Amino acid sequence: MSSDWCTIESDPGVFTELLESVGVKGVELEELWTLDDDSLAQLDPVFGLIFLFKWTPGSDTSLAHQTPLTTDEMPPDLFFARQVTTNACATQAILSVIFNSEHKGVQLGSTLSEFKSFTSSFPADLKGEAIGASAELQQAHNSFARKDSFLHEGRQHVATGNEDVFHFVAYLPFGNKVYELDGLQS
């Protein structure tokens, strides 16, 4: 099951609809063109930021270029999942932000509340496996598959070796610190 996740558009409307399709309320994703204080203030509250990076094998997508925290150094209630499923990084970044939101207006709904509770004691790699194995998350994610206008019969677009590949990384406040949650990092 986990190998059948498709690429989805980097579009805040798509991400908002994806969350709504699994029962989340009180969250709307917005696109930012600048990180100045005025722009961020217009969006208050901000639960986190999701950046899209061009990815190449062996590259470091981290903005900080620092050594990742060890399991012992991570706050125990910080939700972090290693990405073990190809093409799931958008959904993983979105889940990282909303699962770690301390804002009272975020309502996860039953699907994600149960998933978060079920995986709360899992190590990061098993959380990633659980995301990849979740039929509900995969179905919601794949419902926003990129459609290539030159393909017919409903086939989904698959990147070839000549195309650029991109990766989503979440940045979020948690316990008076800002964390970079990149599922490709340890």
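The values are calculated or read from the model by the stated rules, or taken from the named source; none is laboratory data. The shown structure was predicted, so the numbers you read here are calculated from the model rather than taken from an experiment. Ideal geometry is used to build each Cβ from the backbone, glycine not excepted, and the neighbour counts take in all protein chains shown. When the accessible area is computed, the model is the full protein with side chains, heavy atoms only, and any ligands, DNA or RNA have been set aside. Shrake-Rupley method; radii C 1.70, N 1.55, O 1.52, S 1.80 Å.
Each label was represented as a point 7 Å from its Cα along the Cα-to-Cβ direction; for S39 and V14 these points are 2.1 nm apart.
The solvent-accessible area of C6, taken with every protein chain present and a 1.4 Å probe, is close to 10 Å².
Taken one residue at a time, the phi angles of segment 105-117 give Karplus couplings (6.51, -1.76, 1.60, θ = phi - 60°) of x, 7, 10, 6, x, 5, 4, 6, 4, 5, 5, 4, 5 Hz. Gly and Pro are set to x. When all protein chains stay in place and ligands, DNA and RNA are ignored, the 1.4 Å accessible-area order of V84, V169, V27, largest first, is V84, V27, V169.
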